[in-house]
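Here's the structure, in structure tokens; my notes come after.
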Amino acid sequence: MKITRRWAVAAGLAAALVAGTIAGVGTAQAESNGGVKVMPLGDSITEGTQVPGGYRIGLWQRVVAGGYRVDFVGSQYNGPSNLGDHDHEGHPGWRIDQIDANIGGWLTRYQPHTVLLHIGTNDILQNYSVSSAPSRLSTLIDHITSGVPTAEVFVAQLTPLSNSGQENAVRTFNAAIPGIVQGKVNAGKHVHLVDMHSAVTTGDLTDGIHPTANGYDKMAAVWYNGLRSVNGSIGNTGSPTPTASSASPTRSPSASTSPSRSVSPSPSQSSAVIPTDSVPPPPPGGCTATYTIINPWPGGFQGSVRVTAGSRAISGWTVTWRYANGQTITQFWSATITSSGADVTARNVTYNGALGAGASTEFGFLANNPGSNEVPTLSCYGG
């Protein structure tokens with residue numbers, strides 16, 4: 001899209017704190033290239049405080065490089081010239097309830113096909129009824145899916161905070177999100193989980209709250225991974241098969257569902273794991289992997305796998321296991337996961353394949369299980 005207007009934003013905006021301050025940004029100027037309407041929705045992390053444009057810069061660049069046509073929509077407008085579409089719905093200082101109070105009008109006006117939701121940080125920073133924040137998030141998601149029933153809604157677990165007490169609250173809030181998302185999926189809604197917390201570290205924060213440029217770019221990669229894995233969420237004009245893949249502009253994995261319709265947890269939700277005859281992994285060694293069941297519920301659970309390099313650095317890793325109780329993975333993040341019957345193979349994505357000696361990374365997933373849920377034996381291959 002060619003931009004014919006000059007863009008300007010007050011320098012003081014970049015210093016606006018997420019908590020407690022509702023800072024104004026430029027009014028949207030209705031940029032459009034006729035592509036799929038995508039609404040970036042949230043607070044100052046969506047707006048891009050400290051780095052105007054935030055994750056939207058890297059996401060736009062990946063979308064363009066992938067050959068997709070999207071139209072960012074929203075009532076707000078900011079970002080640099082290398083962000084091809086400046087529209088968004090990021091409101092510095094806003095909590096879940098404030099977004100919820102306005103969401104109906106925004107959805108009616110812009111009719112997004114895809115919504116990228118990262119919200120809840122200010123509920124924690126402002127200590128605003130934190131224990132009921134997950135319930136408010138669930139209600140907000142319901143209002144989004146009611147307002148635009150055919151939209152694909154990507155719900156992010158929050159990025160970390162440097163303050164240890166607030167970070168504990170973030171982790172508690174994040175732990176509730178997979179169950180919320182699964183409940184919407186079971187009700188036939190087009191809702192997908194995105195794990196931002198694992199992608200961004202406190203070292204990627206510029207002020208203990210907002211990401212650095214590199215941190216925002218990590219967020220962009222995770223959003224792009226999720227979008228690529230859900231058929232039609234950003235159109236179908238990128239690579240020939242927009243399935244779960246790597247974090248690069250040409251292929252990327254996801255925290256959300258895959259376009260494959262072969263295994264489906266609900267009539268409208270497809271499985272993130274694509275049954276395939278995968279390439280055989282390299283000989284074992286070079287890393288170890290630990291499997292953890294984080295958050296179980298009747299008929300399903302959230303799982304996590306920590307991959308740790310051995311005594312030497314590795315440039316990539318593959319983890320394999322076999323389920324013994326009929327478990328099936330439905331969504332995943334920070335890895336590319338494929339399945340063949342009960343056999344599961346997880347491979348690194350671009351941003352977490354290289355590990356120094358003794359260094360670790362994690363990937364996660366949601367899964368269905370019909371009964372018992374034994375922890376499988378894992379094999380890790382690093383090279």
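I need every pair where a residue in region 335-353 that is within 12 Å of A289 (Cβ to Cβ) has its Cβ under 7 Å from the Cβ of a residue that is surrounded by 18 or more Cβ atoms within 10 Å (Cβ to Cβ) and among the charged types (D, E, K, R), sequence separation at least 6 or different chains.
Taking only residues 6 or more apart or on different chains, the pairs are A335/R347.
Within region 298-317, count every residue that is farther than 17 Å from Q331 by Cβ, of a type in the set (S, T, Y) and not in a loop (DSSP other than H, G, I, E, B).
1
Provide a single number: the residues in region 361-383 that are under 12 Å from G316 (Cα atoms) and either at pLDDT below 90 or surrounded by fewer than 17 Cβ atoms within 10 Å (Cβ to Cβ) (or both).
2
From the set of residues in region 101-138 that are of a type in the set (D, E, K, R) and within 20 Å of the chain's Cα centre (by Cα), which is nearest to D207 (Cα to Cα)?
If we take residues in region 101-138 being of a type in the set (D, E, K, R) and within 20 Å of the chain's Cα centre (by Cα), then D123 is nearest to D207 (Cα to Cα).
For region 162-184: of the residues being touching a residue at least 40 places away in the same chain (Cβ under 8 Å) and within 17 Å of W333 (Cα to Cα), which is surrounded by the fewest Cβ atoms within 10 Å (Cβ to Cβ)?
Here the answer is A175.
Which members of region 65-100 meet the condition of being surrounded by fewer than 20 Cβ atoms within 10 Å (Cβ to Cβ) and of a type in the set (D, E, K, R)?
Result: R69, D97, D100.
Using beta carbons and a limit of 9 Å, which pairs, at least six apart or on different chains, have the first residue in region 211-234 and without any contact (Cβ under 8 Å) to a residue 40 or more places away in the chain and the second one acidic (D, E) and in a helix (DSSP H, G or I)?
Once the first residue is without any contact (Cβ under 8 Å) to a residue 40 or more places away in the chain and sits in region 211-234, its partners that are acidic (D, E) and in a helix (DSSP H, G or I) give N214/D204.
Taking the conditions exactly as written (buried (at least 22 other Cβ atoms within 10 Å of the Cβ) and at pLDDT 90 or above), does P242 satisfy them or not?
Details: buried (at least 22 other Cβ atoms within 10 Å of the Cβ): yes; at pLDDT 90 or above: no.
Considered against the rule, which asks whether it is buried (at least 22 other Cβ atoms within 10 Å of the Cβ) and at pLDDT 90 or above, P242 comes out as no.
From the list G188, G105, G147, G120, exactly one residue is of a type in the set (G, A, S), modelled with pLDDT of 95 or more and surrounded by fewer than 17 Cβ atoms within 10 Å (Cβ to Cβ). Which is it?
Values: G188 fails: modelled with pLDDT of 95 or more; G147 fails: surrounded by fewer than 17 Cβ atoms within 10 Å (Cβ to Cβ); G120 fails: surrounded by fewer than 17 Cβ atoms within 10 Å (Cβ to Cβ).
Only one candidate qualifies: G105.
Residue pairs, Cβ under 6 Å, 6 or more apart or interchain, first in region 93-110 and without any contact (Cβ under 8 Å) to a residue 24 or more places away in the chain and not assigned by TED's automatic domain parsing to the domain that holds Q157, second part of a helix (DSSP H, G or I) and buried (at least 17 other Cβ atoms within 10 Å of the Cβ). List them.
Close Cβ pairs satisfying both conditions: none exist.
Tell me yes or no: at least one residue of region 280-288 is at pLDDT 85 or above, surrounded by 17 or more Cβ atoms within 10 Å (Cβ to Cβ) and among the hydrophobic types (A, V, I, L, M, F, W, C).
yes
Across region 145-158, what is the number of residues that are more than 17 Å from the chain's Cα centre (by Cα) and of a type in the set (A, V, I, L, M)?
Qualifying residue count, region 145-158: 1.
The values are calculated or read from the model by the stated rules, or taken from the named source; none is laboratory data. Keep in mind the model is a prediction, meaning the values are calculated, not measured. Note: ideal-geometry Cβ built from the backbone for every residue, glycine included; neighbour counts use all protein chains shown.
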